[in-house]
Amino acid sequence: MFDSNENDPISPALRALLELFTTELAEVRFPDMNGEVLDAAAEQVREQAEAVARAQAALEAARQALQESQEALLQKGQRALAYARVFSEENVELSAKLDGIHLPRAARKGARADGAVDPGSAAQGNEENAPRRRGRPPKARAAAGASLFAEGATPEALAASAHHTGNGMLSEA
């Protein structure tokens, strides 16, 4: 796992020393020190580094599982809170207690742990991210209709509006 020099847990200086003890100093023996002792220590360092990498991978998997469990609990909690609020409509004391509980919003189902969003869920997102509708916008009929029911609309305004919209509901006077 740590074969390449950039991922090797042994520093370049120590690798150079190990290389010397396997080539030019292979026959040299010092008290309690030689190439075999250095190689054994280097192998132990590499094994420990691999153990750390496995532990980090397991930790990341455990964190992901924890996050998914927390998200599931939050979704269930939000649902339970909504049910409890409907149930407690007649109970003022219970309603007050439930009003004091504020749960955070759940992450979207398409959201991933790394913060990226699943492309399939992007279409279900908010309107800002939704693609724009194609074609001409619908005609604004509400403006003419709104003036017919506006407070204080005079008969003259109603007649003018009916004449301009061409609906013929009111006859010209």
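Within segment 12-100, the proportion of Cα pairs with more than 21 Å between them is 64 percent.
Here the calculated FRET efficiency for residue 22 and residue 64, from their Cβ-Cβ distance with R0 = 30 Å, stands at 0.10, rounded to the nearest 0.05.
Note on segment 12-100: dipole from Cβ charges, positive end direction compared against 59, 84, 31; the farthest Cα belongs to 84. Of the residues 73, 98, 44, the one whose Cα sits farthest toward the positive end of the charge dipole of segment 12-100, with +1 on the Cβ of Lys and Arg and -1 on the Cβ of Asp and Glu, is 98. Dipole size of segment 12-100 about its Cα centre, with +1 on Lys/Arg Cβ and -1 on Asp/Glu Cβ: approximately 480 debye, rounded to the nearest 20. Restricting segment 1-69 to GluC sites (Glu not before Pro) that sit in a DSSP loop and have at most 12 other Cβ atoms within 10 Å of their own Cβ leaves 6, 24, 27. Applying both filters, DSSP loop and at most 13 other Cβ atoms within 10 Å, to the trypsin sites (Lys or Arg not before Pro) of segment 8-90 gives 29.
Values in this text are rule-based calculations from the coordinates and carry no lab data. In this text, all values refer to a predicted model and were calculated from it rather than measured experimentally. Because the Cβ atoms are built from the backbone with ideal geometry, glycine has one as well, and the counts that use them run over all protein chains shown.
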